[in-house]
Structure formats: C-alpha cells, structure tokens
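Chemist: This structure is in structure tokens; I'll ask about it shortly.
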Amino acid sequence: MRKVLIIAGPTATGKSAFAVQCAKAFDGEIINGDSQQVYRQLSIGTAKITDDQKQGVPHHLLDILEYSQPYNVADFQKAARAAIEDIASRGKLPILCGGSGHYLKAVLYDYDFKSEPVSELTYDELNDQALYDLLLSIDPLAAEKIHMNNRKRVLRAINLGLSGPLKSQREAAQNHEPIYDCFMVVMTVERDLLNQRIEERVSAMKDHGLIEEVTTFFASKEAQSFQSFLGIGYKEFRGFLNGTETAETAIELIVTHTRQFAKRQLTWFRHQFEARWVNALDHSDLTQVQDEIRLWHSQEKP
RNA sequence: GGGGAGAUAGCGAAGUGGCUAAACGCGGUUGACUGUAAAUCAAUUCUCUACGAGUUCGGCGGUUCGAAUCCGUCUCUCCCCA
C-alpha cells in the first residue's frame, strides 16, 4: 500500500505552507487537492501558492488547465492517483494538500467512476416532485438518500441508473475504505479567528490585483459561463462586470461566501474522515504532528 | 417655525383588531454530500426549568373579551416648505 500524507482543512489555515514544510522534512512532493487551483490563469482569487512559497518543492496538478475548461472529481481522481503512483515510485512521499473534501475522498477511497458515457437529460418539463418520483421508480434506494429539492443530485442519480448500474448498486459494490496507507491532518483555527483571517486574506487578494485578474479574464459573457467562473472569488464580480454593482460589494460577498465555504469544509472533514486535527496556530501541536507523521512514515503497515 | 412620512426580531422587509412569536429575503448555527463539490441541498434561528410556559413589534398611557394593528402622548429618524 502506498503511503499518502494528506494535509486538509478549511481555507486560510496555512495548509500550503505546512505541506511544504512536510515535503522538506519527509522528502515529499505535493499534489494539489483543490478544485480551482488547477486553472493556469486564475491565481489571485484561488489563493494559489507562489513559486517563492513552493521553496523548490515540486507541486503537481497546479496550473494544468485553461480556465475555459471544465474539471470534475473523476478527472481529479485519475490525475491525482497517477501523481501518487509517479511520486511514490520514485521513492518520494506523496503529499495531498487541499480543501476540497469530496475530491480528496474520491482519490483516497475506492470510489469508482466508471468511464461509460452517462446521459445528461435534464427533464426540464418535470417539476421537482415529478422528477423525484421518477427516481423513486428507477432507484428507490438512492432516492432515500437524496432530498427531493436537490435537483442536481436527483438528476444525476436518474441518469446513472438509465445508463448502467444504479447509483445504489455502484456504491454497494465498494468497500468504502481507503486504498492507500493514509495519514490525514486537518488544520484548523478557532472560528472567530478563522473569519478574521479570511477577511484579511480577501483584502490581500484585492491588494494583489484580484480586480485586474477578474476583468482580464472574465469581461466577456462567454467567459462568465466557464465553470471556473463559479469559483468563490470570481462569480461575485458578475454584477460588477455587468456594471450594476461596485467592486466593493463583490469583495464583501467574497468574504461572506468564503466564510460559509469554510464552515462547509469543516463539516465535511468532521464527519467524512478519520483525521488528526491540528490547531494551525499552535506551534507545539504542529511539531507534535510532525513527529507522529515521522513515526507513521517510518513504519510499514502490516 | 410650518407640512408630510416613518419607527417590526442580528439586518432588510411584510403584516393595519383574533387564524401572529409575527410572511419573505439576507446573515448566523447545525447537517447532508460518490462526475459542475469554491457546487448543490436540508434543518434551525425571541427566552426558558422547553411536546409546555414566559416576554415581544420605539417609550408611556388608554379603548377592547382580545392590539404590532385603533386612540392619546412622548422620544427619535427622514423628506418638503420657510
């Protein structure tokens, strides 16, 4: 089993820096586990690590796509697993660092995204209730776990069932266990402090030219339809770009959305993973985790 | 100085006699999550000794069986004319 060190946690807790520190301490290479930082053009709004901050440590899955391209969990799973294999085969420690819980889990656990084409019917003529009834008739087991109002999920489950094995069957076929020897760290900061750091970070983005980045790449209506525009830090500028709102309003929205996002990340990490939680501001705690990682790193799993 | 409008829960905003602890939106809290996940969705949000009880709709005082809703008065805010 390949060893993989995971540095997770909500935004603005210092994951990137700690990952670099670990890479240097354990001869590792970093794999970006963040869904927006894959885009070459988008750096400021995604809080991408700078070349300086990388300190010579190789980073994978960063700047691999044009911002006009779509990207999804399956793509990430494939690329990240390949990167893990590549890094480990050269005797280095793969370090997965990111805040997209779903992405991380898809790589680490035995999620199986089949490559068969799945239909993309949208059933616009059906209301939520009717759509949900349809799912109930196709895959009642899956329906049990999806809320009727969550159209996106209901739709996906229907399309999966129509194109191959049912969603519920696909999941029943998995072991729901990690396929790597994982050590997962979740960096965290007390909520009030975290909110404060988020505010500071967003205002720093502004100082570093976020508005220029946005107007450079997302001025056109076409660009505003790219998936990358959906990221926090960009979509908030829609009103500004169309001349109906100020940049200030956008900045405030980014802060709020980032705060809400951090909360969701925390929820995910709390409930979806077994992890070693670390207070990112506590140096002795950070040092202690490094010791624990060292121990894990040096032992072969039976 | 004269005339007009308004004060509703953290914020915005409905409600003009009982069905109102008070619509709705935002924000907050909690949670779900298997191909857009920085997405999508749900629950909850006056207080408490919490399947019941107690206090709310600027303050005070009335009318009424019953008021956020009607009357009087005070305070504050905004607009117009001087």
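The values are calculated or read from the model by the stated rules, or taken from the named source; none is laboratory data. Not measured: the values here are computed from a predicted model. All Cβ positions, glycine included, derive from the backbone under ideal geometry; neighbour counts span all protein chains shown. Keep in mind that these areas ignore ligands, DNA and RNA; they rest on the heavy atoms of the full protein, side chains included. Shrake-Rupley method; radii C 1.70, N 1.55, O 1.52, S 1.80 Å.
Chemist: Under 8 Å by Cβ, and 6 or more places apart or on different chains, what pairs join a residue from the range A:252-270 that is more than 6 Å from RNA strand B (Cβ to nearest atom) with one that is open to solvent by 60 Å² or more (accessible area, probe 1.4 Å) and not hydrophobic (A, V, I, L, M, F, W, C)?
Modeler: A:Val255/A:Glu199; A:Thr258/A:Arg201
Chemist: Report, by residue number, each residue of the range A:2-21 that is part of a loop (DSSP other than H, G, I, E, B), surrounded by fewer than 23 Cβ atoms within 10 Å (Cβ to Cβ) and on the phi < 0 side of the Ramachandran plot.
Modeler: Matches in the range A:2-21: A:Arg2, A:Thr11.
Chemist: Give just the number: which of (1) assigned to a strand (DSSP E or B); (2) near RNA strand B (Cβ under 9 Å from one of its atoms) does A:Phe183 not satisfy?
Modeler: (2)
Chemist: For the range A:186-211, how many residues are of a type in the set (Gly, Ala, Ser), in a helix (DSSP H, G or I) and in contact (Cβ under 8 Å) with a residue 12 or more places away in the chain?
Modeler: So the count comes out to 1.
Chemist: Those residues that are in contact (Cβ under 8 Å) with a residue 24 or more places away in the chain, open to solvent by less than 100 Å² (accessible area, probe 1.4 Å) and not polar (S, T, N, Q), I need them from the range A:285-302; list them, please.
Modeler: A:Leu286, A:Val289, A:Glu292, A:Ile293, A:Trp296, A:His297
Chemist: Also, quick follow-up: I'd like the full set of residues that are modelled with pLDDT of 95 or more and part of a loop (DSSP other than H, G, I, E, B), limited to the range A:22-36.
Modeler: Correct list: A:Asp27 only.
Chemist: Would you be able to tell me the number of residues in the range A:30-44 that are under 15 Å from the mean Cα position of the chain (by Cα) and not aromatic (Phe, Trp, Tyr)?
Modeler: Qualifying residue count for the region: 9.
Chemist: Related question: Whether any residue in the range A:255-273 is of a type outside the set (S, T, N, Q), open to solvent by 60 Å² or more (accessible area, probe 1.4 Å) and in contact with a Phe, Trp or Tyr (Cβ under 7 Å, 6 or more places away or on another chain) is what I want to check.
Modeler: Checking the range A:255-273: not a single residue is of a type outside the set (S, T, N, Q), open to solvent by 60 Å² or more (accessible area, probe 1.4 Å) and in contact with a Phe, Trp or Tyr (Cβ under 7 Å, 6 or more places away or on another chain).
Chemist: For the range A:75-86, check the following and say yes or no: at least one residue is buried (at least 19 other Cβ atoms within 10 Å of the Cβ), acidic (Asp, Glu) and within 13 Å of the chain's Cα centre (by Cα).
Modeler: no
Chemist: Select from the range A:111-159 the residues that are open to solvent by 60 Å² or more (accessible area, probe 1.4 Å), more than 12 Å from RNA strand B (Cβ to nearest atom) and part of a helix (DSSP H, G or I) and list them in ascending order.
Modeler: Within the range A:111-159, A:Gln129, A:Asp133, A:Leu136, A:Ser137, A:Pro140 meet the criteria.
Chemist: Please state which of the following conditions A:Gly91 fails to meet, knowing it meets all the rest: (1) in a loop (DSSP other than H, G, I, E, B); (2) surrounded by 18 or more Cβ atoms within 10 Å (Cβ to Cβ); (3) modelled with pLDDT of 95 or more.
Modeler: Failing condition for A:Gly91: (2).
Chemist: Looking only at the range A:274-284, which residues are closer than 12 Å to A:Val189 by Cα and either assigned to a helix (DSSP H, G or I) or open to solvent by less than 70 Å² (accessible area, probe 1.4 Å) (or both)?
Modeler: A:Val278, A:Asn279, A:Ala280, A:Asp282
Chemist: Still on this structure, I have one more. Evaluate the range A:32-49: report whether one residue or more is away from RNA strand B (no atom under 16 Å from the Cβ), open to solvent by less than 40 Å² (accessible area, probe 1.4 Å), of a type outside the set (Phe, Trp, Tyr) and on the phi < 0 side of the Ramachandran plot.
Modeler: Checked the range A:32-49: no residue is away from RNA strand B (no atom under 16 Å from the Cβ), open to solvent by less than 40 Å² (accessible area, probe 1.4 Å), of a type outside the set (Phe, Trp, Tyr) and on the phi < 0 side of the Ramachandran plot.
Chemist: Being assigned to a helix (DSSP H, G or I), within 25 Å of the chain's Cα centre (by Cα), surrounded by 16 or more Cβ atoms within 10 Å (Cβ to Cβ) and within 12 Å of RNA strand B (Cβ to nearest atom) narrows it down to one residue among A:Phe217, A:Phe229; which is it?
Modeler: A:Phe229
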